[in-house]
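Supplied in structure tokens, the structure appears directly below.
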Amino acid sequence: MLASVVAILIGAVIAAVLGFNPLAAYGALVTGAFGTSMALSSTLAGAVPLALAGLGVAVAFRAGLFNIGAEGQYWIGVIVAVWLGYHLTGLPGWLHTLVCVVGATLAGGLWGGVIPGLAKAYRGAHEVITTMMMSYIAIYFGQYLIAAGGPMHAPGYNAQSPQIVKDAWLTVLLPPQLTTAVFFAIGAALVVWWGTFHTTVGFRLRAVGANPHAARYAGISVPVYTVLALGLSGMLAGLAGGVQVLALDHRLMWGFNTGYGYTAIVVALMARNHPFGVLLAALFFSALSTGGQNMQMVSQLPSSLTDVLTGLIVFFVAAERIVPLTIAWYRRRRGARAQVASAREGGR
Amino acid sequence: MASFLEVIDVRKYFPGVKANDGVNLDVRAGEVHAILGENGAGKSTLMKLISGLYQPDGGEIRLEGRRVQFDSPRDAIRAGIGMVHQHFMLIPALSVADNIVLGDEPGGIRYDRREAVRRVRALSEKYRLSVDPEARVARLSVGLQQRVEILKVLYRRARLLILDEPTAVLTPQEAEELFEVVRHLKAQGIPILFISHKLDEVRAIADRVTVMRAGRTVDTLPTADASPQELANLMVGREVVLRVEKPEQRAGDVVLSVENLSVSDADRRPRVRGVSLAVRAGEILGIAGVDGNGQTELVDAIAGLIPVSGGRITFLGEDVTALPPGERTHRGIAYVPQDRQRDGLVLDFTLVENTMLRDVAHPPFSRRGLLQHRAARAHTEKLLEAFDVRPRDPDRKAGDLSGGNQQKVILAREVSREPSLLIAVQPTRGLDVGAIEGIHRQLLRLRQAGKAILLVSLELDEILSLSDRIAVMHHGQVVDIVPGDTATREQIGLLMTGTRSSESEVAQPSNR
């Protein structure tokens, strides 16, 4: 919270230095994000994949693991949901949706969790490397699938897959973008919250994250919980992809690269891994991105300022512990300098 | 003689531990000054304060009468403090001369190796620390490597030499050679601060000795006037000698038996070699030994935390050698680990969460996988009350508690599970006197209640005052098992070096 406030203030200073009125700019940002039903619809819809993937990253963080490959798990989720979405026909709509969502979730879990999790637990391969590498594989695999001649390429000039059967699409709640996908995000946050704080599995997962030595001593199998945490993390990121493609794009296309999986890391950081905090943080970043476009139109302030804000927030979240440390160090240093100087003179 | 180094009422606190709490020290020019104290008395912390690794929270350090404050080891080295660490900091692949001049090389941009060798040779002749400057460090014995370390600090014009437990890694012959070196350096006018917990060594080498106990300096006296008995009393603290009343008790059935157990570490080096022992209900079996002789590995293997490479562990008549640690816990093995902050507690968790850490899968903490917050809280409140943990607030984080209270929480958790066997490793390490007494009382209460207790400690007095039988470990083996009521310090001390006295041989058969 503090981090975002400081970031917003610094953003205002930057805007002012560049010769724009910061109040007008931020005003345009807020109206752009929440001012009209259309804006609100886009902001809420954009928050859904951020929230789901953010929950995934947060679950891994809780267990002391850094799932940096949420983007790839998201892609795998999209690929599987799309494939199931146009291959299967004749299912009732709700069942078809469910099959796509479950498929995406499982695929994400396999991609992000089981493979890097096993590599970490039994071979010591660091999850930052493996999840990232797996992420690139997923992204390029997806692009290969829809390139001309690829197995999922739809006839035509565009690099895209066939469309998911219409019956499987998620229902629009508030046009143009907000769909029932929002319930998945809220539901997932509730499940993650309940699981983390009210089950023995969640308790053990937190113990492994907070102190793996003590967890081992307490009889908790750290390897098993490593695989589990990364698996759950990947499942949520895969779910994010599946839900998003069923809600909006309905197909895999060129230029689908969204960066949701990367922003999700920032979302989890800002929320300090709390599931409900993730919902708020996702909304915040989604608002920044939809509002940023309006800000650019109204005040001519480049929308990349929102990227600056994001960067500042990450910096201050990370720095929150550095600030008091720096102050303590500075105080000690100032007190000590005089004495050391006098000691050196006489010491030689 | 004038004071060279004075330490006045220095304090250093860590979360939960008063590592140094009022330390006074006065090292005079040209003397060998020993610091004597048990493990955890605060000797290492004091050395780190003097050598600039830590900064004191209170008090002051004076060098030749001037107050100094070191922000880093570099400041301390510049002021003439030469620290020889217990663990060497050498680069094995480089030559002796390279290691010594490293960081302060002769020559400009081009390193002048010949000059380095020349300087090191001159230095080693001046202080009679003979070592070949061109030899590769990797090929030197431990004793010679220590010499290189000493030369390293002398090269940096150290005016005070600190040796931190220097004989811990040496053979007796090497130790004798080291003493020769120390005497020669003293003759050259370099004061030496000698850290040790061995009485005989201190009496052999030091002019004066300062005794530390529980983070404080107790007394400073000339070694010539001090009898070993007197020093031992000071070290342990006469007024706190914990001759706890140990009621008569007949040992019952065998609860734990370990047969021919072997354990290897991660590098496949054997740490425990064919140990056999048994603990009965209502008895405390103490395991004595110098640190690092396989005690930790032995109990970790019994608790199931590390795999065994051979042998059998039988608990309550059943073979548990292959069971996972959680299952052994559930069957009734409680374990108070050596490092309470690393292994015993999750410092970021509340006391409620720490109480349920080991048994979260069982009632009252959970039912069918769901946590029972209210029941867990009530249970924790009861435990905090029974063990007098302060503050008595179940929602406090474990990291907020003092070391003694942290230990009480662990003990409360382990004892409340009604175990058949309690393994306690260094249960009173770093605790203040009152807390130690409380913990000892709890252990004896458990003994009265018919539990089997395996007590591992580096403090001989703790072992001697609590144990019904004492197993002494050396180099991964049990040298002997002797009855606790007749055992003496000297007898145990001798066994700790791996030597069996003839009279104790008849007491108990032990393995090879």
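When the residues of the range B:450-465 are filtered to those that are closer than 23 Å to B:VAL389 by Cβ and at pLDDT 90 or above, which remaining residue is farthest from the chain's Cα centre (by Cα)?
Per the stated criteria, the residue is B:LYS451.
If you don't mind, there's one more thing I want to ask. Hey, among the residues in the range B:11-58 that are among the β-branched types (Val, Ile, Thr) and touching a helix residue (DSSP H, G or I) at 6+ places or on another chain (Cβ under 6 Å), which one's farthest from B:GLY403 (Cα to Cα)?
Here the answer is B:VAL32.
Kindly list the number of the only condition in (1) more than 19 Å from B:LEU458 (Cβ to Cβ); (2) in contact with a helix residue (DSSP H, G or I) (Cβ under 7 Å, 6 or more places away or on another chain) that fails for B:HIS330.
The one condition B:HIS330 does not meet is (2).
Regarding A:TRP169, is this residue touching a helix residue (DSSP H, G or I) at 6+ places or on another chain (Cβ under 8 Å) and surrounded by 19 or more Cβ atoms within 10 Å (Cβ to Cβ)?
Yes; evaluated as a whole, the condition is true for this residue.
Shifting gears a bit: Go over the candidates A:ALA168, A:ALA229, A:ALA218, A:ALA159 one by one and state the one that is modelled with pLDDT under 90, under 30 Å from B:GLU297 (Cβ atoms) and touching a Gly at 6+ places or on another chain (Cβ under 9 Å).
The unique qualifying residue is A:ALA218.
Right, something else. Collect the residues in the range A:210-233 that are within 8 Å of chain B (Cβ to nearest Cβ) and within 17 Å of B:LEU323 (Cβ to Cβ), keeping them in residue-number order.
Once the filter is applied, which keeps residues that are within 8 Å of chain B (Cβ to nearest Cβ) and within 17 Å of B:LEU323 (Cβ to Cβ), the range A:210-233 yields A:ARG216, A:TYR217, A:ALA218, A:GLY219, A:ILE220, A:SER221.
Follow-up. Is it the case, given these coordinates, that A:VAL243 is part of a helix (DSSP H, G or I) and either over 15 Å from the mean Cα position of the chain (by Cα) or more than 19 Å from A:TYR86 (Cβ to Cβ) (or both)?
Criteria not met by A:VAL243.
So, restricting to strands (runs of 3 or more DSSP E) that lie completely within the range B:20-104, which ones have at least 1 residues that are within 14 Å of chain A (Cβ to nearest Cβ)?
Correct list: B:58-63, B:66-68, B:81-84.
Next question. Just to be sure I understand the filter: pairs with C-beta atoms under 9 Å, separated by 6 or more residues or on different chains, first member in the range B:112-128 and at positive phi, second member surrounded by fewer than 16 Cβ atoms within 10 Å (Cβ to Cβ). Which pairs pass?
Once the first residue is at positive phi and sits in the range B:112-128, its partners that are surrounded by fewer than 16 Cβ atoms within 10 Å (Cβ to Cβ) give B:ARG128/B:GLU180; B:ARG128/B:HIS184.
Also, I was wondering about something else. Would you confirm, using the coordinates I've provided, whether B:LEU384 is within 14 Å of chain A (Cβ to nearest Cβ), in contact with a Lys or Arg (Cβ under 9 Å, 6 or more places away or on another chain), among the aliphatic types (A, V, I, L, M) and buried (at least 21 other Cβ atoms within 10 Å of the Cβ)?
Criteria not met by B:LEU384.
Can you tell me which residue is nearest to B:ALA278 (Cα to Cα) among those in the range B:317-346 that are small (Gly, Ala, Ser) and more than 12 Å from chain A (Cβ to nearest Cβ)?
If we take residues in the range B:317-346 being small (Gly, Ala, Ser) and more than 12 Å from chain A (Cβ to nearest Cβ), then B:GLY317 is nearest to B:ALA278 (Cα to Cα).
The conditions are (1) buried (at least 19 other Cβ atoms within 10 Å of the Cβ); (2) without any contact (Cβ under 8 Å) to a residue 60 or more places away in the chain, and B:ALA138 fails exactly one of them. Which is it?
(1)
(1) within 28 Å of B:LEU357 (Cβ to Cβ); (2) more than 14 Å from chain A (Cβ to nearest Cβ): which one isn't true of B:ASP300, the others all being true?
B:ASP300 satisfies all of (1) within 28 Å of B:LEU357 (Cβ to Cβ); (2) more than 14 Å from chain A (Cβ to nearest Cβ) except (2).
In the range B:408-428, is there at least one residue being at pLDDT 80 or above, surrounded by fewer than 20 Cβ atoms within 10 Å (Cβ to Cβ) and part of a helix (DSSP H, G or I)?
Yes: one or more hits.
Report whether or not A:LEU178 is touching a residue at least 12 places away in the same chain (Cβ under 8 Å), surrounded by fewer than 19 Cβ atoms within 10 Å (Cβ to Cβ) and in the same structural domain as A:VAL243 (by TED's automatic domain parsing).
No: the conditions fail for A:LEU178.
If you don't mind, there's one more thing I want to ask. Assess whether A:VAL48 counts as being buried (at least 24 other Cβ atoms within 10 Å of the Cβ), within 14 Å of the chain's Cα centre (by Cα), within 30 Å of A:GLY234 (Cα to Cα) and assigned by TED's automatic domain parsing to the domain that holds A:ALA119.
Yes, satisfied.
If you don't mind, another one. Does B:LEU357 fit the bill of being in contact (Cβ under 8 Å) with a residue 40 or more places away in the chain and more than 14 Å from every other protein chain (Cβ to nearest Cβ)?
In short, no.
I'd like the residue in the range A:107-146 that is more than 21 Å from the chain's Cα centre (by Cα) and without any contact (Cβ under 8 Å) to a residue 24 or more places away in the chain and, out of all such residues, is nearest to A:GLY242 (Cα to Cα).
Looking at residues that are more than 21 Å from the chain's Cα centre (by Cα) and without any contact (Cβ under 8 Å) to a residue 24 or more places away in the chain, I get A:TYR144.
Condition test on B:THR314, is it away from every other protein chain (no Cβ under 11 Å), surrounded by fewer than 17 Cβ atoms within 10 Å (Cβ to Cβ) and in contact (Cβ under 8 Å) with a residue 24 or more places away in the chain?
Yes: the conditions hold for B:THR314.
Of the conditions (1) among the hydrophobic types (A, V, I, L, M, F, W, C); (2) modelled with pLDDT of 85 or more; (3) part of a helix (DSSP H, G or I), B:ALA435 fails just one. Which one is it?
Going through (1) among the hydrophobic types (A, V, I, L, M, F, W, C); (2) modelled with pLDDT of 85 or more; (3) part of a helix (DSSP H, G or I) one by one, B:ALA435 breaks only (2).
The values are calculated or read from the model by the stated rules, or taken from the named source; none is laboratory data. Not measured: the values here are computed from a predicted model. So basically every Cβ, Gly included, is an ideal-geometry build from the backbone, and we count neighbours across all protein chains shown.
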